[in-house]
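Colleague: Below you'll find the structure I mean.
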Amino acid sequence: EKGNVVRDPDTMVKRALKAKWQASEQLMGGIPLPQTFYYTMPIEEEGTGRTARIYRAKMTERGIEDQELLLEERNSAAYVDLFKTRDSEYIFLTSNTKTTSAVYVVRAWFSEDVPRLLRPPMEGVEYYAEHRSGYFYIVANDRRPDFEVTRI
């Protein structure tokens, strides 16, 4: 939930399983903007270590602020993960089971971007994404069992 300040960021960071920093060279009037980062967390009540939540937060001189839950996967067969594209333009928030995939995307340089789904999940279809030169590339097994690449 937005508005919270974590005074002991070390504790939260030790519990996070994976983190990605957003592009941080942004200045407003010569003053650096807060460092935005994304991180995954397990659902501790499950006791499995399954990464099921993705958050966005800002690191400031006061600590970690404005934690925001962006994605929560309630399906116990699924796990979430984070990837920055090779060109560093986007961050992917993914949710995968053994047979289904969902990839959400946010711009790496815009800290208030709302995650948008690249392609609706379909049972039995796995897919992965990458970005380059203004296009998203999807590697999926919906048309071929050995996967094929499409550009969107």
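The values are calculated or read from the model by the stated rules, or taken from the named source; none is laboratory data. Computed from a prediction, not measured in an experiment: that's the story for all the values here. Backbone-built Cβ (ideal geometry, glycine too); neighbour counts: all protein chains shown. Heads up: the accessible areas ignore ligands, DNA and RNA and are worked out on the full protein's heavy atoms, side chains in. Shrake-Rupley method; radii C 1.70, N 1.55, O 1.52, S 1.80 Å.
Colleague: Sequence gap at least 6, Cα distance under 8 Å: using those rules, report the relative contact order of segment 59-134 to the nearest whole percent.
Modeller: Averaging sequence separation for qualifying contacts and normalising by length gives 24 percent for segment 59-134.
Colleague: In debye, nearest 20: dipole of segment 86-152 around its Cα centre with unit charges on the Cβ of K, R (+) and D, E (-)?
Modeller: I would put it at about 100 debye.
Colleague: What is the set of long-range amide H partners of K84 at a cut-off below 5 Å, with H atoms built 1.01 Å from backbone N?
Modeller: HN-HN under 5 Å from K84: F92.
Colleague: Could you list which residues have their amide H under 5 Å from that of V125, counting only those 5 or more apart in sequence or on another chain, with H placed in the peptide plane?
Modeller: HN-HN under 5 Å from V125: S101.
Colleague: Any chance you could get the radius of gyration and Dmax over the Cα atoms of segment 95-152, in Å?
Modeller: 12.2, 37
Colleague: What does the charge count around A102 come to, taking other residues whose C-beta lies under 14 Å from its C-beta (Lys +1, Arg +1, Asp -1, Glu -1)?
Modeller: The answer is -2.
Colleague: May I pose another question? Ignoring ligands, DNA and RNA, what percent of the accessible area of segment 26-152 is carbon or sulfur (1.4 Å)?
Modeller: On segment 26-152, the fraction of accessible area on carbon and sulfur atoms equals 52 percent.
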